[in-house]
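Participant: Before I ask anything, let me first share the structure, which is written out below as structure tokens.
The values are calculated or read from the model by the stated rules, or taken from the named source; none is laboratory data. Note that the structure is a prediction, hence the values are computed from the model and not measured. We place every Cβ from the backbone using ideal geometry, glycine too, and count neighbours over all the protein chains shown. For accessibility, only protein heavy atoms count, side chains too; no ligands or nucleic acids. Shrake-Rupley method; radii C 1.70, N 1.55, O 1.52, S 1.80 Å.
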Amino acid sequence: MKSYREYLVFNTKTKRDYINITQDVEEIVKKSGIQEGLCLVNAMHITASVHINDDEKGLIHDIDEFLETLAPHEPTSRYHHNRTGEDNADAHIKRSVLGREVVVAITNGKLDFGPWEQIFYAEFDGQRTKRVLVKVIGE
Amino acid sequence: MKSYREYLVFNTKTKRDYINITQDVEEIVKKSGIQEGLCLVNAMHITASVHINDDEKGLIHDIDEFLETLAPHEPTSRYHHNRTGEDNADAHIKRSVLGREVVVAITNGKLDFGPWEQIFYAEFDGQRTKRVLVKVIGE
Amino acid sequence: MKSYREYLVFNTKTKRDYINITQDVEEIVKKSGIQEGLCLVNAMHITASVHINDDEKGLIHDIDEFLETLAPHEPTSRYHHNRTGEDNADAHIKRSVLGREVVVAITNGKLDFGPWEQIFYAEFDGQRTKRVLVKVIGE
């Protein structure tokens, strides 16, 4: 069994952002030399998400609006977590809904995807350096 | 390390549907010949979900109602994604809440499940051909 | 390829509870002897969750309040599932939102975590014996 690990690093200009990382993950899979196996892609920070969806601007808007309605950033005083001096409780909750990670099959050395699957890094508390872990195992 | 991949294919009669695929996945695991490992089961389309829950009609009703309340299909004009000519933005969001995939342990050649765990394919934009990927790795 | 499986057992004093199981999972990874691989941690019951978040009391309160607002326990009659004699339909839904499982990379024999990642068992229908499965595969 082979394994390979690499990080992706982000520092978004805005507090919330959605970045298509499919190409980055595909390159890491290629570097790993693994033909058959699994690829784990996870946010290493608990106010960000990795998920799979369509790369369509309107949809990204809809998902962002959906999450902001579910767990609004303001008033920040509504969250107990923010009494610690943070203002990112909503980011923790948004990420919990959208999910920390995806696991993708690798077949013939490639991400084994349906026609529209794209991997996104979703940032909910950005403007600082944060990482995504990509771990590939297989043969 | 061994690996094995197979698809399940669906074409539901209704727009939304919940199908128990546990037996299908168990048969694929058996075919793989893998005794110890992991089994990934994921929707290959971004308007459908694979998740694990109880196979009880009332609960399936409750989950469906919960998701339809959170992200209603109508009015379709409330979603920016639907300006592309689609009417399935709600399906993308429902699937994001319920999740794209499950990873199940394989022990002694079987899905290593608790007493009530059942794998479901949840369709949110059906009446067309869609696939689920099952990837098994291990030994 | 090596593999290792162990259970964690819980019987919470309250109906809902959030327990940090990071140390328990780390010890299982150590026992497995696996240096590079993946670790699956999943609830074996469909009214409980395994997820990763910050170990901060205020945040745990916020997540609990968020889930109780989304899918309130009462009135129990609002859920069809509860017509079976159960009163835990809300627990099934809460767990569906928060997720059944996490998959964590193992690198150099340890959980490959970001600075604040902690694994939690979230119980939504406790006061009975329930289990979490930990499966480690790799080399």
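Participant: Residues C:Lys15, C:Lys30: which one is assigned to a helix (DSSP H, G or I) and either open to solvent by less than 10 Å² (accessible area, probe 1.4 Å) or in contact (Cβ under 8 Å) with a residue 12 or more places away in the chain (or both)? Steps first, answer last, please.
Facilitator: Working: C:Lys15 fails: assigned to a helix (DSSP H, G or I).
Among C:Lys15, C:Lys30, only C:Lys30 is assigned to a helix (DSSP H, G or I) and either open to solvent by less than 10 Å² (accessible area, probe 1.4 Å) or in contact (Cβ under 8 Å) with a residue 12 or more places away in the chain (or both).
Participant: Could you check the range C:33-54 and list, in sequence order, the residues that are more than 26 Å from B:Ile34 (Cα to Cα), in contact with a helix residue (DSSP H, G or I) (Cβ under 8 Å, 6 or more places away or on another chain) and either among the acidic types (Asp, Glu) or in a strand (DSSP E or B) (or both)?
Facilitator: If the condition is that a residue be more than 26 Å from B:Ile34 (Cα to Cα), in contact with a helix residue (DSSP H, G or I) (Cβ under 8 Å, 6 or more places away or on another chain) and either among the acidic types (Asp, Glu) or in a strand (DSSP E or B) (or both), then C:Ala48, C:Ser49, C:His51, C:Asn53, C:Asp54 are the ones that fit.
Participant: If you take the residues of the range C:82-93 that are outside any helix (DSSP H, G or I) and not acidic (Asp, Glu), which of them is least open to solvent (accessible area, probe 1.4 Å)?
Facilitator: That would be C:Asn88.
Participant: Here is a list: A:Arg83, A:Arg95. Which entry is at pLDDT 95 or above and over 14 Å from A:Tyr18 (Cβ atoms)?
Facilitator: A:Arg83
For (1) under 17 Å from B:Arg131 (Cβ atoms); (2) within 10 Å of another protein chain (Cβ to nearest Cβ), each residue gets a yes or a no:
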| position | (1), (2) |
| --- | --- |
| B:Asn42 | yes, yes |
| B:His45 | yes, yes |
| B:Lys57 | no, yes |
| B:Glu74 | no, no |
| B:Tyr79 | no, yes |
| B:Asn82 | no, yes |
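Participant: Related question: Going by the structure shown, is A:Ile52 under 30 Å from B:Glu6 (Cβ atoms) and either more than 9 Å from every other protein chain (Cβ to nearest Cβ) or within 19 Å of the chain's Cα centre (by Cα) (or both)?
Facilitator: yes
Participant: Which pairs turn up if I take residues in the range C:108-121 that are more than 14 Å from A:Ala43 (Cβ to Cβ) and look for partners that are among the hydroxyl-bearing types (Ser, Thr, Tyr) and in a strand (DSSP E or B) with beta carbon separation below 9 Å, at least 6 apart in sequence or on another chain?
Facilitator: Partner pairs satisfying both residue conditions: C:Phe120/C:Tyr18; C:Phe120/C:Ser49; C:Tyr121/C:Tyr18; C:Tyr121/C:Ser49.
Participant: I would also like to ask the following. Right, C:Gln127: closer than 30 Å to A:Tyr79 by Cβ, in contact with a Lys or Arg (Cβ under 7 Å, 6 or more places away or on another chain) and open to solvent by 20 Å² or more (accessible area, probe 1.4 Å) or not?
Facilitator: Here the answer is yes, as C:Gln127 does meet what is asked.
Participant: Another question, if that's okay. For A:Ile63, all conditions in the list (1) surrounded by 21 or more Cβ atoms within 10 Å (Cβ to Cβ); (2) within 12 Å of chain C (Cβ to nearest Cβ) hold save one; what is the number of the exception?
Facilitator: Going through (1) surrounded by 21 or more Cβ atoms within 10 Å (Cβ to Cβ); (2) within 12 Å of chain C (Cβ to nearest Cβ) one by one, A:Ile63 breaks only (2).
Participant: Can you report the number of residues in the range A:1-16 which are closer than 17 Å to A:Lys110 by Cα, within 16 Å of the chain's Cα centre (by Cα) and not charged (D, E, K, R)?
Facilitator: Result for the range A:1-16: 0.
Participant: Turning to a different aspect of this structure: Which residues, taken from the range A:101-114, are over 11 Å from A:Gly138 (Cβ atoms), surrounded by fewer than 22 Cβ atoms within 10 Å (Cβ to Cβ) and more than 8 Å from chain B (Cβ to nearest Cβ)? Walk me through how you get there before you give the answer.
Facilitator: At the first step, the residues of the range A:101-114 found to be over 11 Å from A:Gly138 (Cβ atoms) are A:101-104, A:108, A:110-114.
Going one step further and asking which of them are surrounded by fewer than 22 Cβ atoms within 10 Å (Cβ to Cβ), we end up with A:108, A:110-114.
Scanning the range A:101-114 gives A:Asn108, A:Lys110, A:Leu111.
Participant: For the range A:1-12: of the residues being open to solvent by less than 70 Å² (accessible area, probe 1.4 Å) and assigned to a loop (DSSP other than H, G, I, E, B), which is farthest from C:Val136 (Cα to Cα)?
Facilitator: The qualifying residue farthest from C:Val136 (Cα to Cα) is A:Thr12.
Participant: Of all residues in the range B:33-45, how many are open to solvent by less than 10 Å² (accessible area, probe 1.4 Å) and out of contact with any Gly (no Cβ under 6 Å at 6 or more places or on another chain)? Outline the logic, then answer.
Facilitator: Our first condition is that a residue be open to solvent by less than 10 Å² (accessible area, probe 1.4 Å); within the range B:33-45, this holds for B:34, B:37-44.
In the following step, the residues that additionally are out of contact with any Gly (no Cβ under 6 Å at 6 or more places or on another chain) were identified as B:38-43.
Matching residues across the range B:33-45 total 6.
Participant: Continuing with the same structure: Looking at B:Ala91 and the list (1) small (Gly, Ala, Ser); (2) touching a residue at least 24 places away in the same chain (Cβ under 8 Å); (3) within 11 Å of chain A (Cβ to nearest Cβ); (4) closer than 22 Å to C:Val102 by Cα, which single condition is not satisfied?
Facilitator: With (1) small (Gly, Ala, Ser); (2) touching a residue at least 24 places away in the same chain (Cβ under 8 Å); (3) within 11 Å of chain A (Cβ to nearest Cβ); (4) closer than 22 Å to C:Val102 by Cα applied to B:Ala91, the lone miss is (4).
Participant: Here's another thing I want to ask about it. From the list C:Glu65, C:Glu74, exactly one residue is part of a loop (DSSP other than H, G, I, E, B) and either charged (D, E, K, R) or more than 24 Å from B:Gly99 (Cα to Cα) (or both). Which is it?
Facilitator: Result of the check over C:Glu65, C:Glu74: C:Glu74.
Participant: Let me ask something additional. For the range B:17-39, give me each residue that is under 11 Å from the mean Cα position of the chain (by Cα) and of a type outside the set (Phe, Trp, Tyr).
Facilitator: Those that are under 11 Å from the mean Cα position of the chain (by Cα) and of a type outside the set (Phe, Trp, Tyr): B:Asp17, B:Ile19, B:Asn20, B:Ile21, B:Thr22.
Participant: Continuing with this model, one more query. Looking only at residues in the range C:115-124 that are closer than 27 Å to C:Gly33 by Cα and either outside any loop (DSSP other than H, G, I, E, B) or open to solvent by 10 Å² or more (accessible area, probe 1.4 Å) (or both), which one is farthest from the other protein chains (Cβ to nearest Cβ)?
Facilitator: Here the answer is C:Tyr121.
Participant: I'd like the full set of residues that are open to solvent by less than 10 Å² (accessible area, probe 1.4 Å) and within 14 Å of chain A (Cβ to nearest Cβ), limited to the range C:130-139.
Facilitator: Scanning the range C:130-139 gives C:Lys135, C:Val136, C:Ile137, C:Gly138.
Participant: I've got another one for you. B:Ser96 versus (1) over 26 Å from A:Phe66 (Cα atoms); (2) open to solvent by less than 40 Å² (accessible area, probe 1.4 Å); (3) not charged (D, E, K, R): which is the lone unmet condition?
Facilitator: In the conditions (1) over 26 Å from A:Phe66 (Cα atoms); (2) open to solvent by less than 40 Å² (accessible area, probe 1.4 Å); (3) not charged (D, E, K, R), B:Ser96 misses (1) alone.
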